[in-house]
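S.K.: Pasting a structure below so you can have a look.
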Amino acid sequence: MFEGVKKIGVTQIAAPDFPKRSPEDAFGEEADPATLKRLARAVRKLPRLQREIFLAARLDDMDYVEIAERTGLSVREVERHIAKALVSIVRRMDRQPGRWWRR
């Protein structure tokens, strides 16, 4: 986790050891498998640092201050990364699923 911060010059980050939660935990048992698949794809398409910050906040329940300390970013930068991730995910989820024959 947080491998993308090497690009911005941060070199000392402790490897987090947090319990992982699945998307089913976040959505409950009623989550549609196709929707979960689209959500997972939308998260995978995020830039690495943005994705790791987003997942740390949403799945690992880390607060913005803790993420900022671990990445060497300011709290405001962490907020921006999460906001951009949310916008990107919502845009991808709002799109109609593509059909392989229409590409």
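S.K.: Tell me which residues, restricted to the stretch 37-68, are more than 23 Å from Asp94 (Cβ to Cβ) and among the aromatic types (Phe, Trp, Tyr).
M.R.: Residue satisfying the conditions is Tyr64 alone.
S.K.: For the stretch 74-94, enumerate the residues that are farther than 26 Å from Asp32 by Cβ, β-branched (Val, Ile, Thr) and in contact (Cβ under 8 Å) with a residue 12 or more places away in the chain.
M.R.: Of everything in the stretch 74-94, just one residue is farther than 26 Å from Asp32 by Cβ, β-branched (Val, Ile, Thr) and in contact (Cβ under 8 Å) with a residue 12 or more places away in the chain, namely Val78.
S.K.: Additional query: For Gly9, only one of the following conditions fails: (1) modelled with pLDDT under 65; (2) of a type outside the set (Phe, Trp, Tyr); (3) in contact with a Lys or Arg (Cβ under 8 Å, 6 or more places away or on another chain); (4) open to solvent by less than 80 Å² (accessible area, probe 1.4 Å). What is its number?
M.R.: If we test Gly9 against (1) modelled with pLDDT under 65; (2) of a type outside the set (Phe, Trp, Tyr); (3) in contact with a Lys or Arg (Cβ under 8 Å, 6 or more places away or on another chain); (4) open to solvent by less than 80 Å² (accessible area, probe 1.4 Å), just (3) comes out false.
S.K.: Is there any pair linking a residue in the stretch 58-73 that is among the polar types (S, T, N, Q) to one that is assigned to a loop (DSSP other than H, G, I, E, B), with Cβ under 6 Å and at least six apart or on different chains, and which?
M.R.: Note: pairs meeting the criteria are Thr71/Phe2.
S.K.: Just for helices (runs of 4 or more DSSP H) wholly inside the stretch 30-75: which have at least 3 residues that are open to solvent by 80 Å² or more (accessible area, probe 1.4 Å) and not hydrophobic (A, V, I, L, M, F, W, C)?
M.R.: Here the list reads 33-44.
The values are calculated or read from the model by the stated rules, or taken from the named source; none is laboratory data. All values reported here derive from a predicted model rather than from experimental measurement. For neighbour counting, all protein chains shown are included, and Cβ atoms are generated from backbone atoms with ideal geometry for every residue, glycine included. With ligands, DNA and RNA removed, areas are computed over all heavy atoms of the protein, side chains included. Shrake-Rupley method; radii C 1.70, N 1.55, O 1.52, S 1.80 Å.
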